[in-house]
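For reference, the structure discussed in these notes is given below.
The values are calculated or read from the model by the stated rules, or taken from the named source; none is laboratory data. Only a predicted model underlies this, so the values are computations on that prediction, with no experimental measurement involved. Using ideal geometry, Cβ is built from the backbone for each residue, glycine included, and neighbour counts are taken over all protein chains shown. Ligands, DNA and RNA are excluded from the accessible area calculation, which covers all protein heavy atoms including side chains. Shrake-Rupley method; radii C 1.70, N 1.55, O 1.52, S 1.80 Å.
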Amino acid sequence: MNKTLTTPIGTAYYPRIDTPDTKFNSDGVYSCKLHLDEGQFNTFKMQVDSLVKQAYEEMCREKNKPSLRIADTSPVRVKDGNFEVYAKQVARKDTRKGLLEFRVTVFDAKGKRLEDIPPIGSGSRLKLAVEVYPYYTDLNGFGYSLRLKAVQIVELVEYGSSSNPASFGFGEEDGFVGEGESLNSAFTDEPSLSTVSTPSF
């Protein structure tokens, strides 16, 4: 069963794709919250739910139980009025075979793989390739996450670009001239990082 799906084009919020977030996990986590419109969300959710239903039935057979408790979180969710898909991938993991390191593969709008990944910020228009990863624990029951496998950048907004004067509606005018950098370069040197319902199946 192929568990990899591709989202429609959506708007990224707080993506951590070029560098992993280590705030809550020292091994690092790549992640992205992608907001879709309602129609796109419902279509994608139907695809996810189909795979999750199969995984749930397989898990019931594996546990030799007629039903399993369902975890109360989902990465495909309506949150604060937004139709959101949340995908993540650990940057590295210790296994019995040693330390495994992961990286999210990134493509441009034409499908060219990027070796140097730009600083992808909130507001970027992206497509995500995600893997449905089911799990079961005695504490939480049956659930699933979406592993972030690859990203296609359709429109790039680099993080830190909101500090560009143009984003405030400022341009070059006649008048006071300070000794700092020009409008075009003043904010480009050190960009700052921008820093679950039950599945129905």
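Going residue by residue through the range 61-72, is there one that turns out to be outside any loop (DSSP other than H, G, I, E, B), out of contact with any Gly (no Cβ under 9 Å at 6 or more places or on another chain), more than 24 Å from GLY160 (Cβ to Cβ) and of a type in the set (Ser, Thr, Tyr)? Looking through the range 61-72, none of the residues is outside any loop (DSSP other than H, G, I, E, B), out of contact with any Gly (no Cβ under 9 Å at 6 or more places or on another chain), more than 24 Å from GLY160 (Cβ to Cβ) and of a type in the set (Ser, Thr, Tyr). When SER74 is tested against (1) farther than 15 Å from GLY141 by Cα; (2) buried (at least 17 other Cβ atoms within 10 Å of the Cβ); (3) at pLDDT below 95, just one condition goes unmet, and that condition is (1).
Filter the range 1-28 for residues that are hydrophobic (A, V, I, L, M, F, W, C) and buried (at least 18 other Cβ atoms within 10 Å of the Cβ); which is nearest to GLU131 (Cα to Cα)? Show your work before the answer.
Here is the first cut: in the range 1-28, the residues hydrophobic (A, V, I, L, M, F, W, C) are 1, 5, 9, 12, 17, 24.
Add one more test, that the residue is buried (at least 18 other Cβ atoms within 10 Å of the Cβ), and what stays is 5, 12, 17.
Values: LEU5: 6, ALA12: 18, ILE17: 16 Å.
My answer is LEU5.
Hey, among the residues in the range 77-123 that are of a type in the set (Gly, Ala, Ser) and within 25 Å of THR43 (Cα to Cα), which one's surrounded by the most Cβ atoms within 10 Å (Cβ to Cβ)? I'd like the intermediate steps shown before the answer.
Taking the range 77-123 first, the residues of a type in the set (Gly, Ala, Ser) are 81, 87, 91, 98, 109, 111, 121-123.
Now drop any that are not within 25 Å of THR43 (Cα to Cα), which leaves 81, 87, 109, 111, 122-123.
Values: GLY81: 6, ALA87: 25, ALA109: 13, GLY111: 7, SER122: 17, GLY123: 17.
Among those residues, the one meeting the criterion is ALA87.
Residues of the range 22-35 that are within 14 Å of LEU148 (Cα to Cα) and part of a strand (DSSP E or B): VAL29, TYR30, SER31, CYS32, LYS33, LEU34. Looking across the range 134-154, the residues that are open to solvent by 60 Å² or more (accessible area, probe 1.4 Å) and modelled with pLDDT under 95 come down to TYR135, ASP138, LEU139, ASN140.
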